[in-house]
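All remarks here apply to the structure that follows.
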Amino acid sequence: QVQLAESGGGLVQPGGSLRLSCAASAAIGNMAFMGWYRQAPGKERELVAQISRAGSTNYAVSARGRFTISRENAKNMLYLQMVSLKPEDTAVYFCNGIAPGQMYWGQGTQVTVSS
(Lines give C-alpha, C1' and ligand atoms only; values in the text may rest on other atoms or scores of the structure.)
Protein backbone atom coordinates (compact mmCIF):
# COMPACT_ATOMS: atom_id res chain seq x y z
CA GLN A 1 0.00 0.00 0.00
CA VAL A 2 1.43 3.35 -1.06
CA GLN A 3 0.58 6.48 0.87
CA LEU A 4 0.64 9.87 -0.82
CA ALA A 5 1.10 13.10 1.10
CA GLU A 6 0.60 16.49 -0.50
CA SER A 7 2.17 19.74 0.66
CA GLY A 8 2.72 23.24 -0.59
CA GLY A 9 -0.80 24.59 -0.63
CA GLY A 10 -1.77 27.90 0.88
CA LEU A 11 -3.17 31.36 0.29
CA VAL A 12 -1.83 33.28 -2.68
CA GLN A 13 -2.88 36.43 -4.47
CA PRO A 14 -4.16 36.34 -8.04
CA GLY A 15 -1.22 36.18 -10.40
CA GLY A 16 0.92 34.43 -7.82
CA SER A 17 2.63 31.07 -7.88
CA LEU A 18 2.69 27.91 -5.82
CA ARG A 19 4.51 24.63 -6.06
CA LEU A 20 2.69 21.57 -4.80
CA SER A 21 4.60 18.47 -3.81
CA CYS A 22 3.44 14.91 -3.32
CA ALA A 23 5.61 12.49 -1.38
CA ALA A 24 5.01 8.78 -1.82
CA SER A 25 5.75 6.29 0.94
CA ALA A 26 7.09 3.73 -1.54
CA ALA A 27 8.57 3.57 -5.00
CA ILE A 28 6.52 5.21 -7.70
CA GLY A 29 8.47 3.82 -10.60
CA ASN A 30 5.79 1.23 -11.29
CA MET A 31 3.00 3.79 -11.36
CA ALA A 32 1.94 4.08 -14.96
CA PHE A 33 0.38 7.46 -14.31
CA MET A 34 0.52 10.06 -11.59
CA GLY A 35 -1.57 13.15 -11.52
CA TRP A 36 -3.07 16.11 -9.76
CA TYR A 37 -6.79 16.52 -9.35
CA ARG A 38 -8.71 19.30 -7.68
CA GLN A 39 -12.11 19.74 -6.13
CA ALA A 40 -13.72 23.08 -5.50
CA PRO A 41 -16.65 23.48 -3.10
CA GLY A 42 -19.82 22.16 -4.66
CA LYS A 43 -18.03 20.79 -7.68
CA GLU A 44 -16.82 17.39 -8.79
CA ARG A 45 -13.20 16.38 -8.58
CA GLU A 46 -11.47 17.10 -11.87
CA LEU A 47 -8.17 16.21 -13.46
CA VAL A 48 -5.68 19.05 -13.56
CA ALA A 49 -2.58 17.36 -14.94
CA GLN A 50 -1.24 13.86 -15.44
CA ILE A 51 2.17 12.42 -16.22
CA SER A 52 3.05 8.96 -17.42
CA ARG A 53 5.95 6.84 -16.26
CA ALA A 54 7.72 7.80 -19.48
CA GLY A 55 7.14 11.48 -18.84
CA SER A 56 4.30 12.21 -21.23
CA THR A 57 2.00 14.87 -19.86
CA ASN A 58 -1.64 15.77 -20.19
CA TYR A 59 -3.27 18.96 -18.91
CA ALA A 60 -6.77 20.22 -18.43
CA VAL A 61 -7.53 23.12 -20.73
CA SER A 62 -7.66 25.45 -17.73
CA ALA A 63 -4.14 24.42 -16.69
CA ARG A 64 -2.33 24.55 -20.01
CA GLY A 65 0.35 27.17 -20.18
CA ARG A 66 0.17 27.91 -16.46
CA PHE A 67 0.76 24.60 -14.67
CA THR A 68 3.64 22.16 -15.06
CA ILE A 69 3.59 18.63 -13.71
CA SER A 70 6.77 16.68 -13.08
CA ARG A 71 7.88 13.55 -11.26
CA GLU A 72 11.11 12.37 -9.73
CA ASN A 73 10.90 8.60 -9.57
CA ALA A 74 14.23 8.31 -7.73
CA LYS A 75 12.85 10.48 -4.92
CA ASN A 76 9.29 9.17 -5.06
CA MET A 77 8.04 12.70 -5.62
CA LEU A 78 5.42 14.36 -7.80
CA TYR A 79 5.19 18.12 -8.30
CA LEU A 80 2.83 20.70 -9.71
CA GLN A 81 4.25 24.12 -10.45
CA MET A 82 1.46 26.65 -10.77
CA VAL A 83 1.90 30.20 -12.02
CA SER A 84 -0.49 33.00 -12.92
CA LEU A 85 -2.98 31.65 -10.43
CA LYS A 86 -6.59 32.74 -10.68
CA PRO A 87 -9.39 32.79 -8.10
CA GLU A 88 -11.04 29.95 -10.01
CA ASP A 89 -8.03 27.77 -9.22
CA THR A 90 -9.15 27.74 -5.60
CA ALA A 91 -9.73 24.13 -4.59
CA VAL A 92 -8.37 21.20 -2.65
CA TYR A 93 -5.66 19.60 -4.76
CA PHE A 94 -5.17 15.85 -4.60
CA CYS A 95 -2.24 13.71 -5.65
CA ASN A 96 -3.12 10.51 -7.51
CA GLY A 97 -1.18 7.46 -8.54
CA ILE A 98 -2.19 4.56 -10.77
CA ALA A 99 -0.36 1.25 -10.59
CA PRO A 100 -1.46 -2.11 -11.99
CA GLY A 101 -4.70 -2.91 -10.21
CA GLN A 102 -4.35 -0.07 -7.75
CA MET A 103 -5.25 3.58 -7.47
CA TYR A 104 -3.92 5.81 -4.72
CA TRP A 105 -5.03 9.19 -3.39
CA GLY A 106 -3.54 11.67 -1.01
CA GLN A 107 -5.50 13.61 1.58
CA GLY A 108 -5.33 16.85 -0.36
CA THR A 109 -3.89 20.31 0.15
CA GLN A 110 -5.91 23.52 0.05
CA VAL A 111 -5.05 26.17 -2.49
CA THR A 112 -6.80 29.51 -2.10
CA VAL A 113 -6.31 32.29 -4.62
CA SER A 114 -7.66 35.53 -3.26
CA SER A 115 -6.71 39.13 -2.79
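Miscellaneous remarks
- Solvent-accessible area, 1.4 Å probe, carbon plus sulfur percent, for the chain: 49
- Accessible area ranking (1.4 Å probe, heavy atoms, ligands and nucleic acids excluded), largest first, for 90, 109, 57: 57, 90, 109.
- Packing-based ranking of 70-76, 32-38, 3-9 yields 32-38, 3-9, 70-76, ordered from highest to lowest mean Cβ neighbour count within 10 Å.
The values are calculated or read from the model by the stated rules, or taken from the named source; none is laboratory data. Bear in mind the structure is a predicted one, so any value in this text is a computation, not a measurement. Here Cβ is always computed from backbone atoms with ideal geometry, including for glycine, and neighbour counts include all displayed protein chains. To get the accessible areas, we keep the full protein, side chains included, count just its heavy atoms, and leave off ligands, DNA and RNA. Shrake-Rupley method; radii C 1.70, N 1.55, O 1.52, S 1.80 Å.
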